[in-house]
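**Q** Before I ask anything, let me first share the structure, which is written out below as structure tokens.
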Amino acid sequence: MKKFFLTRTTRIVAFCLTFSLFFISCKKDPILPTPTENSGLKGIYVLNQGVWNMNNCSLSYYDFKNEKMEKDIFLKKNGRGLGDTGNDLKKYGSKLYIIMSTTESLEIVNADNCKSIKQILLTGKGPQFIAFHQNKAYVSCQDGSVLCIDTTSLEIERTTMAGNTPAGICVANGKLYVANSGGLNYPHYDNTVSVIDLNSFTEIKKIEVVLNPYLLQADMQGNVYLVSNGNYNDIPSSFQRINSQTDEVVKTFDFAISNFTIHGNYAYLYSYDFVTETASGIKVLDLTNDTFVQENFIKDGTKINTPYCIAVNPKNLDVYITDVYDFTTTGDVYCFSKEGKKKFSLEVGINPSSIVFIK
């Protein structure tokens, strides 16, 4: 087996090679939300990545109004499974876009009824993440390419090249930013972010960053925030800010994180050490002054064993965190109020890695 960088997929592989499948996790029974807790949402979709090479990726949906959970709604609605290793889930317009990295496909789904609209096969490309801008979808692929897909025709319109093993992708200031992890050249990781002009759809610059860049997200001011994974040894993970006007790294923060999400002027961050199997608390960073407004967001003592995804409800600022436990059993989604108190939890599928809110 090729050695890959520790993406979501290969983190699972690494863990499963280290520990037996008979490992028993300490899961608590889920607590379902009451109808008054939905805050105007119809429901939530959760992409459950599954276990690599087990072909057990699934899509879960919880309907707040009917208080009903469907753990594998895509299978139920379409008579077939999603495939192997769901790496990203996003909603744009009325459609869900699901990146299947091992099956190498993009599944496009009606968000209202979960019926498949189109499956785009991306054989040989290794799709990773997706971003949107002005009715176009942009997909990063491990073969070095970035695809531009029209969200109306659902056809691939253009292809360009980024760097070595692209991963995270986002749009800021009319440009596309692509994290070149270099993971397929392990242990010789890349350390650049490609900047792609959206009009010409060509790379105009490579920004030097900390080794093994992986996740990207833009804030309201157009700054781009980046997680670099380092080399999992003497170079730790890193959180950095890129100014999209100058396309330069303007700040490298003095703490390590594994994942984050941005809502408004705040970033919600956590870290997980796959060697010691320990998670940090959820921290909240004020991006306007680079200070932590909360060092430990969870106030009621609820323990998240193995955090894997974090998202913020745009309606009421509830924070959703997934726990994948041992990477081989069903995971849970925890919902906390903006004050850091647990409101409810939902049992979903194996390795819940992405959350989408349906308004």
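The values are calculated or read from the model by the stated rules, or taken from the named source; none is laboratory data. Being a predicted model, the structure only gives us computed values, none of them experimental. Don't worry about glycine lacking a Cβ; one is built from the backbone with ideal geometry, like all the others, and counts go over all protein chains shown.
**Q** Just checking, which of T246, T276 is under 23 Å from F132 (Cα atoms), without any contact (Cβ under 8 Å) to a residue 40 or more places away in the chain, assigned to a loop (DSSP other than H, G, I, E, B) and out of contact with any strand residue (DSSP E or B) (no Cβ under 6 Å at 6 or more places or on another chain)?
**A** Details: T276 fails: under 23 Å from F132 (Cα atoms).
Matching residue, one of T246, T276: T246.
**Q** Of everything in the range 98-110 that's surrounded by fewer than 23 Cβ atoms within 10 Å (Cβ to Cβ) and in a strand (DSSP E or B), which residue is farthest from the chain's Cα centre (by Cα)?
**A** Filtering first and then ranking leaves N110.
**Q** Since L89 meets every condition but one in (1) of a type outside the set (D, E, K, R); (2) surrounded by fewer than 19 Cβ atoms within 10 Å (Cβ to Cβ); (3) touching a Leu at 6+ places or on another chain (Cβ under 6 Å), which condition does it not meet?
**A** (2)
**Q** Please list, ordered by residue number, the strands (runs of 3 or more DSSP E) wholly in the range 111-190 having 2 or more residues that are under 30 Å from I44 (Cβ atoms). Before the answer, list the steps.
**A** Working: elements: 116-121, 127-133, 136-141, 145-150, 156-161, 166-172, 175-180.
Ranges flagged: 116-121, 127-133, 136-141, 145-150, 166-172, 175-180.
**Q** Any residue that is of a type in the set (A, V, I, L, M), closer than 22 Å to L215 by Cα and either within 18 Å of the chain's Cα centre (by Cα) or modelled with pLDDT under 95 (or both) - is there at least one of those in the range 340-351? Please lay out each step first, then the result.
**A** Step one: of the range 340-351, the residues of a type in the set (A, V, I, L, M) are 346, 348, 350.
Within this subset, residues satisfying the condition of being closer than 22 Å to L215 by Cα are 350.
Next, only the ones that are either within 18 Å of the chain's Cα centre (by Cα) or modelled with pLDDT under 95 (or both) stay: 350.
Within the range 340-351, one or more residues are of a type in the set (A, V, I, L, M), closer than 22 Å to L215 by Cα and either within 18 Å of the chain's Cα centre (by Cα) or modelled with pLDDT under 95 (or both).
**Q** Moving on to the next point. If I ask for residues that are surrounded by 18 or more Cβ atoms within 10 Å (Cβ to Cβ), modelled with pLDDT of 95 or more and not aliphatic (A, V, I, L, M), which ones from the range 262-272 would you list? Let's see the steps before the verdict.
**A** The first filter runs over the range 262-272 and keeps only residues surrounded by 18 or more Cβ atoms within 10 Å (Cβ to Cβ), leaving 262, 266-272.
Among the residues that remain, those that are also modelled with pLDDT of 95 or more are: 262, 266-270.
Result: Y266, Y268, Y270.
**Q** So, one more: Could you check the range 299-319 and list, in sequence order, the residues that are in a loop (DSSP other than H, G, I, E, B) and farther than 26 Å from Y232 by Cβ?
**A** Within the range 299-319, K299, D300, G301, T302, N313, P314, K315, N316, L317, D318 qualify.
**Q** Would it be correct to say that I130 is touching a residue at least 12 places away in the same chain (Cβ under 8 Å) and in contact with a Pro (Cβ under 6 Å, 6 or more places away or on another chain)?
**A** Working: touching a residue at least 12 places away in the same chain (Cβ under 8 Å): yes; in contact with a Pro (Cβ under 6 Å, 6 or more places away or on another chain): no.
No, not satisfied.
**Q** For V275, which of the numbered conditions (1) within 22 Å of Q49 (Cα to Cα); (2) surrounded by 13 or more Cβ atoms within 10 Å (Cβ to Cβ) fails to hold?
**A** The single condition V275 does not satisfy is (2).
**Q** Please work out which residue is surrounded by the fewest Cβ atoms within 10 Å (Cβ to Cβ), limiting yourself to the range 190-219 and to residues that are touching a Gly at 6+ places or on another chain (Cβ under 7 Å) and more than 17 Å from S258 (Cα to Cα).
**A** Of everything passing the filter in the range 190-219, L198 is surrounded by the fewest Cβ atoms within 10 Å (Cβ to Cβ).
**Q** It is to be established whether one or more residues within the range 226-246 are among the aliphatic types (A, V, I, L, M), crowded, with 17+ Cβ neighbours inside 10 Å and within 25 Å of S337 (Cα to Cα). Break it down stepwise before answering.
**A** Restricting attention to the range 226-246, the residues satisfying the condition of being among the aliphatic types (A, V, I, L, M) are 226-227, 235, 242.
Narrowing the set further to residues that are crowded, with 17+ Cβ neighbours inside 10 Å leaves 226-227, 242.
Then drop every residue that is not within 25 Å of S337 (Cα to Cα), which leaves none.
The answer is no, given that none of the residues of the range 226-246 is among the aliphatic types (A, V, I, L, M), crowded, with 17+ Cβ neighbours inside 10 Å and within 25 Å of S337 (Cα to Cα).
**Q** Further, regarding this structure: Here is a list of conditions, (1) within 17 Å of the chain's Cα centre (by Cα); (2) surrounded by fewer than 21 Cβ atoms within 10 Å (Cβ to Cβ), and S337 meets all of them except one; can you say which number that is?
**A** (1)
**Q** Considering only residues of the range 199-227 that are small (G, A, S) and in contact (Cβ under 8 Å) with a residue 40 or more places away in the chain, which is nearest to L184 (Cα to Cα)? Break it down into steps so the answer makes sense when it comes.
**A** Quick first cut of the range 199-227, residues small (G, A, S) only: 200, 218, 222.
Add one more test, that the residue is in contact (Cβ under 8 Å) with a residue 40 or more places away in the chain, and what stays is 218, 222.
Working: A218: 26, G222: 30 Å.
By that ranking, first place goes to A218.
**Q** Has the range 290-302 got at least one residue that is touching a Pro at 6+ places or on another chain (Cβ under 6 Å), closer than 24 Å to V46 by Cα and surrounded by 14 or more Cβ atoms within 10 Å (Cβ to Cβ)? Quick ask: steps written out before the conclusion?
**A** Residues of the range 290-302 that are touching a Pro at 6+ places or on another chain (Cβ under 6 Å), as a first pass: none.
Looking for residues that are touching a Pro at 6+ places or on another chain (Cβ under 6 Å), closer than 24 Å to V46 by Cα and surrounded by 14 or more Cβ atoms within 10 Å (Cβ to Cβ), one finds none in the range 290-302, hence no.
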